[in-house]
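Everything below concerns the one structure shown next.
Any read-out appearing in this document is the output of simple, stated calculations on the displayed coordinates, not a laboratory observation. None of these values were measured; they are calculated from a predicted model. Methodologically, a virtual Cβ is constructed for each residue, glycine included, from the backbone with ideal geometry; neighbour enumeration extends over all protein chains shown.
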Amino acid sequence: MNAKLRVLIADDHEQCRWAIARLLHTEFDVVGAVDNGRKLVDVAMSLQPDVIVSDVSMPFLTGIQAMEELYRKGYEIPFVLVSTANSEAEDYIKVGAMAFVNKVDMGHDLVTAVSSVVLREASVSRDGEGQHSNCLECA
């Protein structure tokens with residue numbers, strides 16, 4: 001029996017942290033949830049999760065800055081970035097994220113994106129335009 005992937009969540013909105021944890025808890029072991037980029041770095045260094053799911057825009061350090069800091073310190077933990085804006089999704093992958101999920105697509109795409117990082121496959125969610133039946137309101 002394979003152990004569940006250990007996932008750390010970072011989002012400055014409590015409702016989003018809750019929604020992400022709720023989506024992931026059946027497939028993965030959610031080991032923590034933090035509300036800013038500085039805490040993300042500190043907790044990630046301590047817990048060393050298998051995957052980090054992080055909002056792009058957070059106080060103190062953005063998700064991208066936290067990812068870059070962890071990489072500089074030698075922690076090669078794959079990141080799945082989430083945001084309400086898709087405009088820079090390809091740039092997030094270029095700077096080191098393994099996946100990007102638009103927040104309106106989380107209900108449909110987040111579990112798949114987290115699973116894909118184990119295979120080292122980059123993943124970008126659907127365009128986030130329009131209404132989706134699995135849409136979560138947390139932005």
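Observations on the structure shown:
- Directionally averaged shadow of segment 1-64, computed from the convex hull of its alpha-carbon atoms, nm²: 4.1
- Convex hull volume of segment 57-110 per residue (C-alpha atoms, cubic angstrom): 77
- Remark on segment 8-109: Rg and Dmax equal 12.2, 33 Å (Cα only).
- Among residues other than ASP35 with Cβ under 11 Å from its Cβ, the summed charge is -1 (Lys and Arg +1, Asp and Glu -1).
- Label separation (ASP91 vs HIS25): 3.5 nm, computed from points 7 Å beyond Cα along the C-beta direction.
- Sequence-distant residues sharing a close amide H with SER54 (under 5 Å, placed H): ALA10, VAL80, LEU81, VAL82
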